[in-house]
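Input: a single structure, listed below in structure tokens.
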Amino acid sequence: MTKGLSMATGKRLECKLLSDLFFVVRCNEIHRIRALKPVRQLLVLTVLCLCAGCYSAGGKPVGLLEVLRGSVEKPLSAKEISEQMQASEKARGQLTKSGTVFEFERDIVIEDFDGKGNLKRRQTRRFQSFTDNRDPVLTMHDGKDPTPKQVEKERKKIRENQVKFLGGGDPTQTNAQGDADLLLRQIERYGDRFTPRLIGEETVHGRPAYILQFLFDPKKKFKDPLVNLVLKHLLIKAWVDQEEFQVAKLDAELKNPLYAIGGLAAKLETFKLTAYQKRITNGIWADWKVTTDIHGRVLWEWSTIHFRSESSDFKQLETVD
């Protein structure tokens, strides 16, 4: 009976935990990663955490990492790099408004495994996406042409998540024109809740990058206590391109498991996200490859999700006079 009630509740709540985790990532510059459709087990896990009102983590909050060996002190501080990132995003918005917009294909694969590693469900989606944050269009659904109903369902889902977490306008209206300043508003709104720390530098796909760790400031909490708990135990690192100050790579990893009712109701064992952005042209970057691994338990049932997304076939849209 408890399991049935939890499943029913889960259907009424849209991916609370996963949406919050991706919301955290968006606050730290990777903004074009769309909200994902999770499997029902993790919906139940989230509902239990929220409804129980009793959740905890199995370790100390994330602390500052040591500076990587061999790193050379750079003239820019972490704060200055963050300011350059904001200026870069503002410049990207201006480029977009002037008509520099690219379309591309995004292929998504979501695989759901049971506790024994057996594949339970595999979903595939292909979207036509855009660098100006307009609504992506579903073009393939599990290897087949989508029905008009499936296209509209995906559009509404993405739009609702964008409005809920990024403040992107009216969820009932189609966003066909895009929103070039969407990320900039989020940086200005939430940037002060994270403290950047410069911990080194590396090369990402042949381009030198600064490595920043973002630490959540517990004094500047979000309204949702679950988000605050996750942020305290989420290790967030961003590789910032040294020339254009766009995020070339981002890692977000849960360093300690999260529990509902001391682990009796549910447990989120692991969450690991790695995302790469691709430089398309001067000042314009787009999400390229994204991988996410999630492992958790609801009551006695374990579940693992593997998510993969890759973008390709970037083409510049013609400017309409």
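Summary table
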read-out: Span from the the range 81-134 Cα centroid across to the the range 250-317 one, whole angstrom; value: 12
read-out: Qualifying chymotrypsin sites (Phe, Trp or Tyr not before Pro) for the range 232-310 [loop in DSSP, other Cβ within 10 Å: at most 13]; value: W300
read-out: For the range 118-161, radius of gyration divided by Kirkwood radius, i.e. Rg to Rh on alpha-carbons; value: 1.03
read-out: Sparse-neighbourhood loop sites, GluC sites (Glu not before Pro) in the range 243-276 - DSSP loop, at most 15 other Cβ within 10 angstrom; value: E243
read-out: T139 paired with A91, simple spin-label distance in nm, labels 7 Å along Cα-to-beta-carbon; value: 3.0
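No value in this document is a laboratory result; all are computed from the given coordinates. These numbers were taken from a predicted model, which means no experiment stands behind them. Positions of Cβ are backbone-derived with ideal geometry, glycine not excepted, and every protein chain shown enters the neighbour counts.
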